[in-house]
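Enquirer: Please find one structure pasted underneath; my questions will follow.
The values are calculated or read from the model by the stated rules, or taken from the named source; none is laboratory data. Everything numeric here is computed off the predicted structure, so don't read it as measured data. Using ideal geometry, Cβ is built from the backbone for each residue, glycine included, and neighbour counts are taken over all protein chains shown.
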Amino acid sequence: MKWLMQLVALTLVIIAGTWFAGWWVVPLAGAAFGAWTSATRTTVLTATLAGALGWGALLAFDAYAGPVGRLLDVFGSLFRLPSGALVVLTVAYAALLCASAAAVSRGIRRLLAPA
Amino acid sequence: MTDRAPMLAVVTRASQVATAMVASALLAAAIFVGAVPIGRVPPLGAFLDPAHGVWAVARNAELPRTASLRIAGLKDSVTVMYDDRAVPHIFAQNEDDLMRAFGYVVARDRLFQLELQTRAVAGTLSELVGASALELDREARAQGLAWGAERKWNAIPEGSENRRLVKAYGDGISAYIAQMGPDDVPLEFRLLNARPQEWKPQYTYYLLARMSLTLAWNDEELRRAGVVALVGERAAEALFPVNAPIQEPIQPVAGRHAPRIDPAPLPPPAPRDSAHAAVAAALFGAAESPALLALRGDASGEIAVGSNNWAVSPKRTAAGHALLSGDPHLQLTLPSVWYEVHLVVPGVIDTYGVTIPGGPIVPIGFNRSMAWTATNTGADVLDYYEEKVDDASHPTKYELDGAWKPLALRIEAIKGRFGRVLRTDTIYHTHRGPMIRVRGRWLSRRWTALEPTDDGEALRLADKAKSVSEWMTVMGSYGVPAQNFLTADTLGHIAIRSTGHYPLRPGNGRGDLIADGTKSASDWTGFWPVDRYPQSEDPAQGYLASNNQQPKDPQVDAAYFGSNWPNPFRALRINALLRADSAVTPDAMRRYQTDPSSELTTLFVQPMFDAVAKAAVAGAADTAAVRGAALLREWDGRFTLDNERAVLYDAMMDELMQRTWDELRGTPLVRRGPTPSTTILAQLMRDPNSLWWDDRSTAARENRDSILVASIGAAYLRVTKQYGPPGARWRWSGIRTATIDHLARLPGLGRTKIPMTSGRGTLSPSDGDGTHGASWRFVVELGHDVRAWGTYPGGQSGNPVSARYDDRLPWWSAGKLDTLRFPHRAADLATPRATLTLHPER
């Protein structure tokens, strides 16, 4: 339950932070999460999921608000990629940013902790 | 066990360090690609950001139902209602506000287009897209387009109404750029990792310069000099004549009811030598620029841009109202060159039509009293002069009337994407204009487009004219690019005039020969007076038409006006249609725009049948020729979409042109020489044993009939090789298609394989690769209530993700027209698609 709460909270921070500030909030939020939550095996997993879910939710809103299908077609034609590639790339990029930042801060925390 | 615990701790520690290092590396890499562009890939963080990145392009693809904002400089509120076709109807209380809102609305839909076309003229594309555009930039700067536009702008008096309104329009564009949020950045800017540049009001004149490059660039001197080098003076004169051999002029000749044909035998080609071929190659190269090829199509072949317009007097229409049709052909792009708009200031202006983004005018359109449209005149308004300079490599002076005059220098530093100077060019100017160097010869160029005249003023006043006569009066001062302006009004008058500044030249007046630059006596002596322009008002024949043909029959006025005129076959066709119809309807006007027949086909098909029949009797025809001729006998002579024989005719004409004009190409140096017009080929058909029929690559001596037989045989083999045996794959709809590239040629943002009813000599001609065509088609009925129909190949939005980017293509392809909404008041628009209200700043 605690894990789920953490996941939801981090996802919401990412959504709000991206909307009001920009993409760079994602690694910041990931880093903060890694630094301040208790370092468990699920920290990086939670950050990965939160990054993907946060930007995934924003993409869902984009799809509701505009012709995302046409954008995907355009992107696919431009870069000669499958039309869904932009979705995968976006979600994966957020997941990578958040997870790697969380892993770095968790690692630093562990290294600084007394042996 | 106790010994192993520290060891385990060390291993764990090492593992943690390794994990942290891997994570750090991944994070650093992710942040790096997020923040820094790599090659052509924009910074991924801002690009992929689902809130403000590329995804916002989809979210903002459609106009919000209602929007309201304040912009600086407005005196009163302005209401903009977008109709169901996304056309903005702008209702303002005064012209300044109207222009400000106009600029704002255009920028909202077409910002990248504004940027790209301005940079193309300024020669700063490299700053946007990188060094790949360097040669285009060098060419633009050498042409002096921006230099000329700045001259025009500086010549407009401060405080004049025109300057004020152009500035207001520019302020509207600037207001949009200033209030644009990160979500509003167009897709192309995101892909290029760029932001729109600041807009300056003189960029309006950059746009006019670009139109002049498309429509009024005429370097016939270079082409002609190259042809002289290849085939001799007499033959060059006949292949690219000053006067068209078939005369169906724009200015009707009283009492004439059919075209006048002026047959003249072609003198044989002179022997070629390699030195001549080298000269020709250099001259053709100088005349053939990448930018011109893109704008006008293949300069070596027939002119690809083929516009039409015609108007019919009330006495020849079914409803008794004047009718007008406009059909300007240009390079097809997405977004389209045109943007539809309705401008209203009660009691001052109520004009609907198409505008080119960046220009605060409606060059083609209608108001409550009249309609107007244009085709390109193609007059010769650009001359070359061979100059004598003091130092061929680094000239500082040029000779004029025996004295040395200093050359003006223009230093052009072309920058790349990050401000680094890629190249610095020095452009030398004589008093005539910029110079170019061709094989060691220095040529200066004088061109009406670079003269400091204000062409926007006349067009702006014309938008408000109440009658044909008022329109003709205000347009008297219009200069560049020269256009065959056609008008009709609700009083039932129709008129046409080839309007523009035409140079008066000394001597025989010819402008297609390179003049002697060492004498001031070679200079222009003035411009034609307006009453000498080709023109006609309410002719007895009851209609007027122009199709880029020679405007005046030389029997009426022999003065030099231009040379190498486009084929008259479109003119022959529309004149035939209009002569035959004494009760024209708006729908007939629409059908004529995509009429599938050509007056050209019969000139070649029957002689080919006869030649094949004779060869078959003599046993000299191969199977392919016989089979090809048999298949072509099944053709109805029309270029309809479902036609399965037009492809064979088209291929035969290609083969015929190639085989006949081998004298103009075929050497390693001259791979792509200019091709005489089909009119000249038709003329040659009358002389079956002319030396021109001989294929120099064979030992035999060919004549017309053997070339015709060889052409149909080769065409049959080519078509069957490409499309298989006769059948569905020969269908014209799959072969002659439009190719509409994105303005910046970004792959995936253009549209290809769009079927179109078009063919050689039809009213909707095509250039083979389908990159040029009808850029806007419209019909206006000038009754008590003006009614109009129109469409263009694209859509109102410049956003490739918007449904409004290409929503008009299906109807355009089918030759259909939308009903244009022309409300008197904002409240008359029943179901607006969107509303934008602009208020003055508090």
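Enquirer: Please go through segment A:17-31 and give me each residue that is over 10 Å from A:A47 (Cβ atoms) and among the hydrophobic types (A, V, I, L, M, F, W, C), ordered by number.
Expert: A:W19, A:F20, A:A21, A:W23, A:W24, A:V25, A:L28, listed by residue number.
Enquirer: Checking the condition surrounded by 16 or more Cβ atoms within 10 Å (Cβ to Cβ), under 26 Å from the mean Cα position of the chain (by Cα) and at pLDDT 95 or above, which residue from B:T453, B:T499, B:T490 passes? I'd like the intermediate steps shown before the answer.
Expert: Numbers: B:T453 fails: at pLDDT 95 or above; B:T490 fails: under 26 Å from the mean Cα position of the chain (by Cα).
Every option except B:T499 fails the conditions.
Enquirer: Can you pull out every residue in segment B:462-520 that is among the hydroxyl-bearing types (S, T, Y) and closer than 21 Å to B:A449 by Cβ?
Expert: Going residue by residue through segment B:462-520, those that are among the hydroxyl-bearing types (S, T, Y) are B:467, B:469, B:473, B:477-478, B:487, B:490, B:498-499, B:502, B:518, B:520.
Of everything in segment B:462-520, those that are among the hydroxyl-bearing types (S, T, Y) and closer than 21 Å to B:A449 by Cβ turn out to be B:S477, B:Y478, B:S498, B:T499, B:Y502.
Enquirer: Which members of segment B:462-487 meet the condition of being of a type in the set (A, V, I, L, M), modelled with pLDDT under 95 and surrounded by fewer than 21 Cβ atoms within 10 Å (Cβ to Cβ)?
Expert: Those that are of a type in the set (A, V, I, L, M), modelled with pLDDT under 95 and surrounded by fewer than 21 Cβ atoms within 10 Å (Cβ to Cβ): none in segment B:462-487.
Enquirer: Just to check your reading of the model, which residue among A:L97, A:L71 is within 24 Å of A:T42 (Cα to Cα) and facing another protein chain (nearest Cβ under 8 Å)? Lay out the reasoning, then the answer.
Expert: Numbers: A:L71 fails: within 24 Å of A:T42 (Cα to Cα).
One residue alone meets the criteria, A:L97.
Enquirer: With modelled with pLDDT under 95 and under 15 Å from A:A32 (Cα atoms) as the only criterion, which of A:G107, A:G76 stands out? Even if it seems obvious, please write down each step before you answer.
Expert: Values: A:G76 fails: under 15 Å from A:A32 (Cα atoms).
Answer to the check: A:G107.
Enquirer: Separate question: Test B:R423 against the criterion of being under 30 Å from B:M475 (Cβ atoms), among the basic types (K, R), modelled with pLDDT of 95 or more and in contact with a Lys or Arg (Cβ under 7 Å, 6 or more places away or on another chain), and give yes or no. Quick ask: steps written out before the conclusion?
Expert: On the way: under 30 Å from B:M475 (Cβ atoms): no; among the basic types (K, R): yes; modelled with pLDDT of 95 or more: yes; in contact with a Lys or Arg (Cβ under 7 Å, 6 or more places away or on another chain): yes.
Answer is no for this residue.
Enquirer: Same structure again: Just the residues that are touching a Gly at 6+ places or on another chain (Cβ under 8 Å), under 30 Å from B:P37 (Cα atoms) and not aliphatic (A, V, I, L, M), please, taken from segment B:175-224.
Expert: If the condition is that a residue be touching a Gly at 6+ places or on another chain (Cβ under 8 Å), under 30 Å from B:P37 (Cα atoms) and not aliphatic (A, V, I, L, M), then B:Y176, B:P186, B:R190, B:W199, B:K200, B:Y203 are the ones that fit.
Enquirer: Residue under question is B:A588, and the condition is that it be free of Cβ contacts under 8 Å to residues at least 60 places away in the same chain, in a helix (DSSP H, G or I) and closer than 19 Å to B:G306 by Cβ; does it hold? Explain how you work it out, then say what you get.
Expert: Values: free of Cβ contacts under 8 Å to residues at least 60 places away in the same chain: yes; in a helix (DSSP H, G or I): yes; closer than 19 Å to B:G306 by Cβ: no.
So B:A588 does not fit the description; no.
Enquirer: All but one of (1) modelled with pLDDT of 95 or more; (2) more than 10 Å from chain B (Cβ to nearest Cβ) hold for A:P82, so report the exception by its number.
Expert: Going through (1) modelled with pLDDT of 95 or more; (2) more than 10 Å from chain B (Cβ to nearest Cβ) one by one, A:P82 breaks only (1).
Enquirer: Could you give me the residue pairs with C-beta distances under 7 Å whose first residue belongs to segment B:174-186 and is buried (at least 16 other Cβ atoms within 10 Å of the Cβ), whose second residue is among the hydrophobic types (A, V, I, L, M, F, W, C) wherever it lies, and which are 6+ apart or on separate chains?
Expert: Hits for this filter: B:S174/B:W199; B:A175/B:I71; B:A175/B:A72; B:Y176/B:A107; B:I177/B:A107; B:I177/B:W199; B:P186/B:L111; B:P186/B:F112.
Enquirer: Shifting gears a bit: From A:V87, A:V13, A:V26, A:V8, which residue is part of a helix (DSSP H, G or I) and under 30 Å from B:D806 (Cβ atoms)?
Expert: Details: A:V13 fails: under 30 Å from B:D806 (Cβ atoms); A:V26 fails: under 30 Å from B:D806 (Cβ atoms); A:V8 fails: under 30 Å from B:D806 (Cβ atoms).
Result: A:V87 is the single residue among A:V87, A:V13, A:V26, A:V8 that is part of a helix (DSSP H, G or I) and under 30 Å from B:D806 (Cβ atoms).
Enquirer: Condition first: facing chain A (nearest Cβ under 8 Å), assigned to a loop (DSSP other than H, G, I, E, B) and under 19 Å from B:S802 (Cα atoms). Now tell me which residues in segment B:29-80 satisfy that.
Expert: Residues satisfying the conditions are B:P50, B:A51, B:H52, B:G53, B:V54, B:N60, B:A61, B:E62.
Enquirer: If you don't mind, another one. Just to be sure I understand, how many residues within segment B:746-763 are in contact with a Lys or Arg (Cβ under 9 Å, 6 or more places away or on another chain), away from every other protein chain (no Cβ under 14 Å) and assigned to a loop (DSSP other than H, G, I, E, B)?
Expert: Going through segment B:746-763, the residues in contact with a Lys or Arg (Cβ under 9 Å, 6 or more places away or on another chain) turn out to be B:747-748, B:755-759, B:761-763.
Checking which are away from every other protein chain (no Cβ under 14 Å) leaves us with B:755-759, B:761-763.
If we keep only those that are assigned to a loop (DSSP other than H, G, I, E, B) too, we end up with B:756-759, B:761-763.
Counting residues in segment B:746-763 that are in contact with a Lys or Arg (Cβ under 9 Å, 6 or more places away or on another chain), away from every other protein chain (no Cβ under 14 Å) and assigned to a loop (DSSP other than H, G, I, E, B) gives 7.
Enquirer: While we're on this one: Only one of (1) touching a residue at least 24 places away in the same chain (Cβ under 8 Å); (2) buried (at least 20 other Cβ atoms within 10 Å of the Cβ) is not met by B:L717, so which one is it?
Expert: (2)
Enquirer: Any chance segment A:41-50 includes a residue that's touching a residue at least 12 places away in the same chain (Cβ under 8 Å), among the basic types (K, R), surrounded by fewer than 24 Cβ atoms within 10 Å (Cβ to Cβ) and more than 8 Å from chain B (Cβ to nearest Cβ)?
Expert: Scanning segment A:41-50, I find no residue that is touching a residue at least 12 places away in the same chain (Cβ under 8 Å), among the basic types (K, R), surrounded by fewer than 24 Cβ atoms within 10 Å (Cβ to Cβ) and more than 8 Å from chain B (Cβ to nearest Cβ), so the answer is no.
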